[in-house]
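The values are calculated or read from the model by the stated rules, or taken from the named source; none is laboratory data. Please read these numbers as outputs of a predicted model, since none were measured by experiment. Cβ sites come from the backbone with ideal geometry, for glycine too, and all protein chains shown count toward neighbours. When the accessible area is computed, the model is the full protein with side chains, heavy atoms only, and any ligands, DNA or RNA have been set aside. Shrake-Rupley method; radii C 1.70, N 1.55, O 1.52, S 1.80 Å.
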Amino acid sequence: MDKPAIPLSPSNILIVDDQAANLQVLSEILKTRGHKVRPVPSGKLALGAALNDPPDLIMLDIMMPEMDGYEVCRRLKEQAALRHIPVIFISALDDIADKVTGFRAGAVDYIAKPFQAEEVLARVDAHLALHYFQNALQEKGRELALSYWKLQELEDLRDQLTHMVVHDMRNLLTGVACSLRLLQEEVSEGLNGKCARYLQTAVWSVDDLSAMINNLLDVSKLEAEQMTLHLAECDLAGLVNEAMAKLEPTKGDRELAFSPPDGPVLVTGDEAILLRVIINLLNNAIKYTAARGSVRVGMEATQDKVLLLFRDNGPGIPCEYREKIFAKFGQVESPQRMHTCSTGLGLTFCKLAVEAHRGRIWVESELGIGSTFYVELPAGRTLPGEEPAPA
Ligand code: ADP
């Protein structure tokens, strides 16, 4: 990369000293570099000159009558328009304490009298270059902040647009799904086996597409914490049975088993959301289990927790993907899975929805053996966010 050119010359330099001879010597040294030099004999005049036309650098004598160099420097640093200008102190004093006082007042350097032309030029060059790069850096920072802000605006706009389009797509899809189902009812008798299968495939595909769209919309709502949970007491075992009945037609010749505990298993939650979590997990277990494989749903309830588990004997999930699959668009990448229709949002929805119910979700898996997804929810009547009643 090319280095940016440093425009050191000509710079605008203000020199402040009550001794005319010193002003003369310094001016001559600095003019050899082509700088525009403005000599002033007092602190008061220096403040006025700096405000009038802010210089690139100020060289300031310490020992001056009325207002000494430290005071001038402090006042310069109080002005927003002037505080960025580098100040180099010049003085016959060579005491360490004076130097420290100078740096505390805001100076960037210190040059002792009598002046050595080479030293003066080297220090002035160095501070002009530093000042130039600081300004350039600040300018870049401002440009970057502006670009980031514009990008953010565009991203928000794109999100809103996507949201609108996806939302409208869902309405249209609902229309397609209803029409297909009505068609199925109307013509079920008259269709030959092949056509009935085509119609059934269309119904399942529309259902899958609707589920994807619902996941997409709900993930953004849950992320923005804009999802309202309609909390009520619900029977988890009943919800598992409902999900199993819904997915029964898609299981093919896989075995699907659920052994519920005796009686209802109660949790406080949003029934529709919890049903969708169960459907997502059960659907994945069926989808990733080969023909004639088996999917089992289990449930264990203790006094304060309910544990739901979905066990399949599919391909398993490699270790490095067991967290990633819960992140947005996270999917296991492997050539065997290329054909699977997947967006990687189902588990993200499940995780956000379970966490909104103050629960947790995780997976245990063994390659070539299968996977088990666990969902743990607070049991009973405890509303999310409330402490459980003391036992
Ligand atoms: P999608 O909604 O597209 O199905 P998910 O978020 O549900 O995506 O799943 C993310 C990824 O996790 C899937 O693409 C798949 O690679 C992996 N996965 C999910 N469930 C299972 C499972 N039971 N067995 C093996 N892999 C799974």
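Observations on the structure shown:
- Rounded if a/c under 1.5, otherwise prolate or oblate - the stretch 154-301, Cα gyration tensor axes: oblate
- Estimated FRET transfer efficiency when R0 is 30 angstrom, pair Glu366-Lys221 (beta carbons, to 0.05): 0.30
- For the stretch 100-119, the residues whose backbone nitrogen is under 19 Å from a point 7 Å from the Cα of Thr32, taken along Cα to Cβ, are 111-119.
- With both residues required to sit in the stretch 184-331, DSSP beta bridges show an antiparallel share near 75%.
- Rounded if a/c under 1.5, otherwise prolate or oblate - the stretch 217-324, Cα gyration tensor axes: oblate
- Stretch gain in nm, segment Leu144-Met63, where the contour uses 0.36 nm per residue and the Cα spacing is subtracted: 24.8 nm
- From its DSSP helices (H runs of at least four residues, each -39,500 (n - 2.57)), the chain gives a residue-normalised ellipticity at 222 nm of -16500 deg cm²/dmol.
- Between Lys77 and Gln116, the simple label model (points 7 Å from Cα in the Cβ direction) yields a spacing of 2.7 nm.
- Radius of gyration, Dmax [the stretch 261-310; alpha carbons; angstrom]: 12.8, 38
- Here the simple spin-label model places points 7 Å from the Cα toward Cβ, and for Asp235 and Cys178 these points are separated by 3.0 nm.
- Heavy atoms of Glu355 accessible to a 1.4 Å probe, total area in Å² rounded to 10: 80
- In terms of its C-alpha gyration tensor, the stretch 75-138 has an oblate overall shape, because the principal axis ratio a/c (a ≥ b ≥ c, square roots of the eigenvalues) is not below 1.5 and a/b does not outweigh b/c.
- Against the criterion of solvent-accessible heavy-atom surface with a 1.4 angstrom probe, Lys324, Lys251 sort, most first, into Lys324, Lys251.
- 10 Å-binned pair-distance histogram of the stretch 124-195 (Cα, whole percent): 16, 18, 14, 13, 12, 10, 8, 6, 4, 1
- Point-to-point label distance, Leu161-Asp53, nm (Cα→Cβ direction, 7 Å offset): 5.1
- Cβ charges +1 (Lys, Arg) and -1 (Asp, Glu), total dipole of the chain, debye: 760
- Checking the cross-link pairs Lys194/Lys328; Lys140/Lys324; Lys44/Lys113; Lys251/Lys305 against a 28 Å limit on the alpha carbon distance flags Lys194/Lys328; Lys140/Lys324; Lys251/Lys305 as lying beyond it.
- Take the Cα of Asp304, go 7 Å toward its beta carbon, and the backbone nitrogen atoms of the stretch 357-378 under 15 Å from that spot belong to 358-360, 377-378.
- GNM top mover of Leu239, Leu347, Leu130 - the chain, alpha-carbon springs below 10 Å: Leu130
- Ratio Rg/Rh, restricted to the stretch 1-134 and using Cα atoms, in which Rh is the Kirkwood radius: 0.94
- Extension gain (nm, one decimal) between Thr201 and Ala290, 0.36 nm per residue minus Cα-Cα: 30.1 nm
- Modelled FRET efficiency - R0 45 Å, Asn171 with Asn135, Cβ distances, 0.05 increments: 0.25
- Evaluated at q = 0.12, 0.13 Å⁻¹, the base-10 log of the normalised Debye intensity for the chain, with identical point scatterers placed on the Cα atoms, takes the values -0.93, -1.06.
- The stretch 176-222: translational diffusion in µm²/s, Stokes-Einstein, Kirkwood Rh over Cα pairs, 20 °C, 1.002 mPa s: 181
- Per residue, the convex hull volume that the Cα atoms of the stretch 88-208 enclose (Å³): 171
- Mean sequence separation of contacting Cα pairs (under 8 Å, at least six apart), scaled by the length of the stretch 45-150, corresponds to a relative contact order of 23 percent.
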